[in-house]
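Asks: Take this structure, written in structure tokens, and hold onto it; I'll ask about it next.
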């Protein structure tokens with residue numbers, strides 16, 4: 001499935017999350033990409049479809065979830081590398097400079113990953129969210145130092161300019177050690 005527009009609602013409640021997921025797919029012509037609990041007791045719902053349908057679905061999810069909604073987004077043209085990084089299927093044959101952005105919600109991390117991938121010639125290595133992270137999420141990317149810097153800056157800027165933020169931490173490592181590279185590729 002080639003995803004173009006994705007939308008997400010992240011909630012502070014498992015039962016509210018199940019209800020929201022069900023109603024989001026009933027509210028508009030969308031496909032459910034992901035609906036699952038995350039740490040610490042949150043629930044993540046991601047849908048895809050045409051932009052209008054995804055917007056309607058997310059609006060319905062936000063209305064139903066009300067004060068249980070932690071974060072949300074609609075990305076009309078998600079970068080093609082975001083979903084493989086999110087699913088753990090990104091292929092990265094080698095690592096140059098490293099960049100990492102850590103956020104306090106999964107939704108804001110996906111927004112940061114999309115902005116980073118669009119801003120520079122980087123390869124997203126991993127987008128990890130919530131499980132075992134206390135609700136936090138992070139994206140790791142590689143490329144030439146200047147591209148990684150531009151991408152990290154773009155990801156940080158988009159999250160910090162949005163109400164969903166903040167970015168908890170970010171880093172660029174121009175020349176990571178062979179040992180760290182081995183851990184990331186293994």
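Rundown of residues vs (1) under 21 Å from residue 4 (Cβ atoms); (2) without any contact (Cβ under 8 Å) to a residue 60 or more places away in the chain, yes/no style:
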residue: 97; (1), (2): no, no
residue: 101; (1), (2): no, no
residue: 111; (1), (2): yes, yes
residue: 124; (1), (2): yes, yes
residue: 128; (1), (2): no, yes
residue: 138; (1), (2): no, yes
residue: 142; (1), (2): no, yes
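Asks: Restricting to segment 83-92, give me the number of residues that are in a helix (DSSP H, G or I) and without any contact (Cβ under 8 Å) to a residue 60 or more places away in the chain.
Replies: 4
Asks: Can you tell me which condition residue 78 does not meet? The list is (1) under 30 Å from residue 24 (Cα atoms); (2) in a helix (DSSP H, G or I); (3) touching a helix residue (DSSP H, G or I) at 6+ places or on another chain (Cβ under 7 Å), and all the others hold.
Replies: (2)
Asks: Are any of the residues in segment 93-111 surrounded by fewer than 22 Cβ atoms within 10 Å (Cβ to Cβ), in a helix (DSSP H, G or I) and touching a helix residue (DSSP H, G or I) at 6+ places or on another chain (Cβ under 8 Å)?
Replies: no
Asks: Within segment 136-154, can you find the residues that are in contact with a strand residue (DSSP E or B) (Cβ under 8 Å, 6 or more places away or on another chain) and either crowded, with 19+ Cβ neighbours inside 10 Å or part of a strand (DSSP E or B) (or both)?
Replies: 136, 137, 138, 139, 140, 141, 142, 143, 147, 148, 151, 152
The numbers here are math on the coordinates, done by the rules we state, and not lab data. Since the structure is predicted, the reported quantities are computational estimates derived from the model, not experimental observations. Here the Cβ is made from the backbone with ideal geometry for all residues, glycine too, and neighbour counts use every protein chain on show.
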